[in-house]
């Protein structure tokens, strides 16, 4: 058995992966307005990555997924989250200075550019969760070759 | 305000580790060293501040005041650092720094080191979070961060069956214990509608229902699991020997303290204050019977210190012996906390708490030293079986010296630091109930037997395996020597340390005037 | 009277504990852990749910709209707690699966009673 699925699955995956990705990106970007947020959106996008891994097989995924890049991106997500939390350190850790003092993300509540650091944090968490979950599942898939 | 940097610095180090490791092979090790050193500096500053002013630091996340707009109760996450938290933070960062330094030489031959250093920083972060937090759900989150990092570190060498089996056992037991703690938090939240520890203690005193008692039972049960008290200590004896030695030092020295006995002390004294409930009882108001809780802790403590030390005698594996000895020493600490609960407000209770806190610090240093010694022996000789290790003293004199100091200190010989803390625990338990003191002394006798055996092995006739052994490299020797110096110096000034640091810490934990609550109530105004 | 969802939550917790004590397959043990967690999450979530005058509460998204309409919101804090707890659960789950795969590689079995080589 090859490591990839048949033609039907591949075609369906090609069609649905972008949709899943876009929906996940929507959930991440509207995290401060609707139910959901960084973790849920990131997990949704990671679903697209896992679908890619299952449908196209491990060998194809190996050429597309760079492990070092993913773990570096995971670190970047965490760092952005931390820096967003540190912006208001003059008052307190996690003080939402962008929302109180501007200059960006301080619009009318309920609009996209509001809620201070929350959109930034959602994006960072989304990146971290996506890269982390894909790396975890990818690492588990690599385990299949334990009998040498 | 330096307090948030205690969390920010290790978090920054952990997140930047994958990026740093792309730039160079040796860079990540020095990066971990710099980060843990900086954390040590911050912790020392915080400890000095709290000790000097003798006041609880209350830090609110996200705002100036923990009180919500237009309401009269705290809605934000607070960090509340008293002397006990600051002292433990200092100990954690000190031993953590030495463990990272030790890893430079010890983990040289392993792969995947950037993950190792990330996990070790996250482990440190989780413990620091536990000791500074004043919010009970925040406590759970940090507890889980610590636990997950330590499960992963126990199973770090996943090409050996030892690490995997120990990791699986540790993980299942630890996860169930965490679930118990979460259930306790859920029950308390459902009953009282708040998560801030100091406000929760007020709410519980106002209306102590059966739900609070059930939640307390879940907390004590889960935390005894986590600290490795006797009926549930088997995971500890498997997990601590199977981990790499630098990690064993952190697990035995710090994790079972920060995530176990420290949390027991915090929950018993800061959320369910024995004094408050004794006061309520005196006026015939509904209260929680904290004396029963104290006896439960004392019962498990006696069981733990007897069985833990007795099991240590029959081990042939050096690291397993040290792990069982850790179980025994946890018994002493729990005994101190239990007597502190029972004899709340009296001289005996204060002394017992001071002894328990002193022993937490001492045991962290001593057990770290002993596991470093075990690691050096494994690194140089390649075995930890005591029957094959005789005659190390001639080949590795410095390591043997470090071992002798550590063993003497953990048994409690007079010029070393273990003596002072054990003496205070014996003295206070004799003041409360002489039978408890007798049990504690019996435990020490077992401990003496166990360590004497290892000592004779080290000094005995040279065996085949030891012939080619030599001293470990400098990066492994230096942490051991630093710990030896710390143990000897702390041993030379025992009563000064006790009077200047440990007794104020015990008083602040006991909070006879409700300092822990007052720190929060200041923000409400008037109260 | 005790609300039905509390009964269900505790039933789930006890089912999880039963499975944890009496099952031997590692995968089933992981499921048992998740069952315990799910029960606690159900308990927490139902703590934040309240009916006011028979009106169903809405999601806790504060935009000013709900207060105008006068409908109650469910408590937001339990939802935040459960979300955090779910994220932690995902971490534990993935670590447990990784360890289980490793255990199968070393022992050739998923029976937890066979994982008994550490002794002493």
A careful count of residues in the range A:85-105 that are crowded, with 17+ Cβ neighbours inside 10 Å and more than 12 Å from chain B (Cβ to nearest Cβ) gives 2
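Looking at C:74, C:82, which one is surrounded by 17 or more Cβ atoms within 10 Å (Cβ to Cβ), more than 8 Å from chain B (Cβ to nearest Cβ) and modelled with pLDDT under 85?
Numbers: C:82 fails: modelled with pLDDT under 85.
C:74 is the lone residue from the list that is surrounded by 17 or more Cβ atoms within 10 Å (Cβ to Cβ), more than 8 Å from chain B (Cβ to nearest Cβ) and modelled with pLDDT under 85.
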When the residues of the range A:46-78 are filtered to those that are closer than 29 Å to residue A:115 by Cβ and without any contact (Cβ under 8 Å) to a residue 40 or more places away in the chain, which remaining residue is surrounded by the most Cβ atoms within 10 Å (Cβ to Cβ)?
-> A:75
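Considering C:28, C:114, C:23, which residue is at pLDDT 90 or above and in contact with a helix residue (DSSP H, G or I) (Cβ under 9 Å, 6 or more places away or on another chain)?
Details: C:114 fails: at pLDDT 90 or above; C:23 fails: at pLDDT 90 or above.
On inspection, the qualifying residue turns out to be C:28.
Please go through the range B:292-318 and pick out each residue that is under 18 Å from residue B:217 (Cα atoms) and buried (at least 16 other Cβ atoms within 10 Å of the Cβ). So that I can check it myself, show each step before the final result.
So the first thing to find is which residues in the range B:292-318 are under 18 Å from residue B:217 (Cα atoms), and the list is B:292-301.
Correct list: B:293, B:294, B:296, B:297, B:298, B:300, B:301.
Report yes if residue C:95 is closer than 30 Å to residue B:243 by Cβ and modelled with pLDDT of 85 or more, otherwise no.
On the way: closer than 30 Å to residue B:243 by Cβ: yes; modelled with pLDDT of 85 or more: yes.
The answer is yes for residue C:95.
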Scanning the range B:159-168 for residues that are more than 7 Å from chain C (Cβ to nearest Cβ) and surrounded by fewer than 22 Cβ atoms within 10 Å (Cβ to Cβ) gives B:159, B:160
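Do you know which residues across the range C:3-21 are over 15 Å from residue C:36 (Cβ atoms) and within 12 Å of chain B (Cβ to nearest Cβ)?
Within the range C:3-21, C:3, C:5, C:6 qualify.
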Report yes if some residue within the range B:197-216 is surrounded by 22 or more Cβ atoms within 10 Å (Cβ to Cβ), more than 8 Å from chain C (Cβ to nearest Cβ) and without any contact (Cβ under 8 Å) to a residue 60 or more places away in the chain; otherwise report no.
-> yes
Mind listing whichever residues of the range B:282-310 are within 21 Å of the chain's Cα centre (by Cα) and more than 20 Å from residue B:352 (Cβ to Cβ)?
-> B:307
Hey, any hits in the range C:44-52 for a residue that's away from chain B (no Cβ under 12 Å), modelled with pLDDT under 90 and assigned to a loop (DSSP other than H, G, I, E, B)?
-> yes
Just wondering, is there one or more residues in the range B:116-129 that are within 14 Å of chain C (Cβ to nearest Cβ), over 25 Å from residue B:480 (Cα atoms) and under 15 Å from the mean Cα position of the chain (by Cα)?
-> yes
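How many of the residues in the range B:461-472 are surrounded by 14 or more Cβ atoms within 10 Å (Cβ to Cβ) and more than 28 Å from the chain's Cα centre (by Cα)? Can you show your working first?
Filtering the range B:461-472 for residues surrounded by 14 or more Cβ atoms within 10 Å (Cβ to Cβ) gives B:462-463, B:465-466, B:469, B:471-472.
Checking the rest, the ones that are also more than 28 Å from the chain's Cα centre (by Cα) come to B:462-463, B:465-466, B:469, B:471.
Qualifying residue count, the range B:461-472: 6.
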Of all residues in the range C:91-111 being in contact (Cβ under 8 Å) with a residue 12 or more places away in the chain and surrounded by 19 or more Cβ atoms within 10 Å (Cβ to Cβ), the one that is farthest from residue B:158 (Cα to Cα) = C:92
Would you say residue A:82 is crowded, with 17+ Cβ neighbours inside 10 Å, free of Cβ contacts under 8 Å to residues at least 60 places away in the same chain, under 13 Å from residue B:4 (Cα atoms) and within 12 Å of chain B (Cβ to nearest Cβ)?
-> yes
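If the requirement is being in contact with a helix residue (DSSP H, G or I) (Cβ under 6 Å, 6 or more places away or on another chain) and more than 11 Å from chain B (Cβ to nearest Cβ), which of these qualifies: A:36, A:77, A:57? I'd like the intermediate steps shown before the answer.
Values: A:77 fails: more than 11 Å from chain B (Cβ to nearest Cβ); A:57 fails: in contact with a helix residue (DSSP H, G or I) (Cβ under 6 Å, 6 or more places away or on another chain).
Going through A:36, A:77, A:57 in turn, just one is in contact with a helix residue (DSSP H, G or I) (Cβ under 6 Å, 6 or more places away or on another chain) and more than 11 Å from chain B (Cβ to nearest Cβ): A:36.
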Residues of the range B:7-27 classified as more than 7 Å from every other protein chain (Cβ to nearest Cβ) and surrounded by fewer than 24 Cβ atoms within 10 Å (Cβ to Cβ), total = 8
From the list B:70, B:37, B:62, B:41, which one is assigned to a loop (DSSP other than H, G, I, E, B) and either more than 14 Å from chain A (Cβ to nearest Cβ) or at pLDDT 90 or above (or both)?
-> B:70
Inside the range A:30-129, counting only helices (runs of 4 or more DSSP H) that do not spill past its ends, which hold 1 or more residues that are closer than 20 Å to residue A:19 by Cβ?
-> A:38-64
Got at least one residue in the range B:26-41 being touching a strand residue (DSSP E or B) at 6+ places or on another chain (Cβ under 8 Å) and free of Cβ contacts under 8 Å to residues at least 12 places away in the same chain?
-> no
Out of B:193, B:221, which single residue is more than 8 Å from chain C (Cβ to nearest Cβ), surrounded by fewer than 22 Cβ atoms within 10 Å (Cβ to Cβ), more than 18 Å from residue C:26 (Cα to Cα) and at pLDDT 90 or above?
-> B:221
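The values are calculated or read from the model by the stated rules, or taken from the named source; none is laboratory data. Because the structure is predicted, anything quoted here is derived from the model rather than measured. Cβ sites come from the backbone with ideal geometry, for glycine too, and all protein chains shown count toward neighbours.
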